[in-house]
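Quick notes on the structure that follows.
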Amino acid sequence: MGRKEKLLAMLQQRPKDFTWEELTSLLNSLGYVQRKRGKTGGSRRRFVHTSAPTITLHKPHPTRIVKMYVINDILELLRKEGMI
């Protein structure tokens with residue numbers, strides 16, 4: 001099982017300790033590219049895909065743990081798009 005499959009399996013278990021780095025790595029492996037909005041973007045991050053909807057998230061701070069509602073939203077979108 002590769003890193004992508006492990007991260008996807010972990011995300012589907014809805015862990016309370018899923019990190020921002022793990023999420024960005026998973027989205028990158030699914031074909032998403034992270035875009036920053038320059039100086040005024042703050043903690044907002046946009047993930048663009050060629051055929052799937054754009055995902056806009058806030059980078060968690062001061063901790064790097066992703067909130068549960070974000071995990072739920074990501075899982076719903078990935079299922080809707082047939083990526084999982």
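The values are calculated or read from the model by the stated rules, or taken from the named source; none is laboratory data. In this text, all values refer to a predicted model and were calculated from it rather than measured experimentally. Neighbour counts run over all protein chains shown; Cβ positions are idealised from the backbone, glycine included. Please note that ligands, DNA and RNA were not included when accessible areas were found on the heavy atoms of the full protein model with its side chains. Shrake-Rupley method; radii C 1.70, N 1.55, O 1.52, S 1.80 Å.
In the list Lys4, Lys59, which residue meets the criterion of being loosely packed, with under 14 Cβ neighbours inside 10 Å and in contact with a helix residue (DSSP H, G or I) (Cβ under 7 Å, 6 or more places away or on another chain)? Quick ask: steps written out before the conclusion?
Details: Lys59 fails: loosely packed, with under 14 Cβ neighbours inside 10 Å.
Result of the check over Lys4, Lys59: Lys4.
Out of everything in region 24-50 that is touching a residue at least 12 places away in the same chain (Cβ under 8 Å) and open to solvent by 80 Å² or more (accessible area, probe 1.4 Å), what residue ends up being farthest from the chain's Cα centre (by Cα)?
Of everything passing the filter in region 24-50, Thr50 is farthest from the chain's Cα centre (by Cα).
Taking the residues in region 1-23 that are in contact (Cβ under 8 Å) with a residue 12 or more places away in the chain and among the basic types (Lys, Arg) as candidates, determine which candidate is nearest to Ile74 (Cα to Cα).
So, considering only residues that are in contact (Cβ under 8 Å) with a residue 12 or more places away in the chain and among the basic types (Lys, Arg), the one nearest to Ile74 (Cα to Cα) is Arg14.
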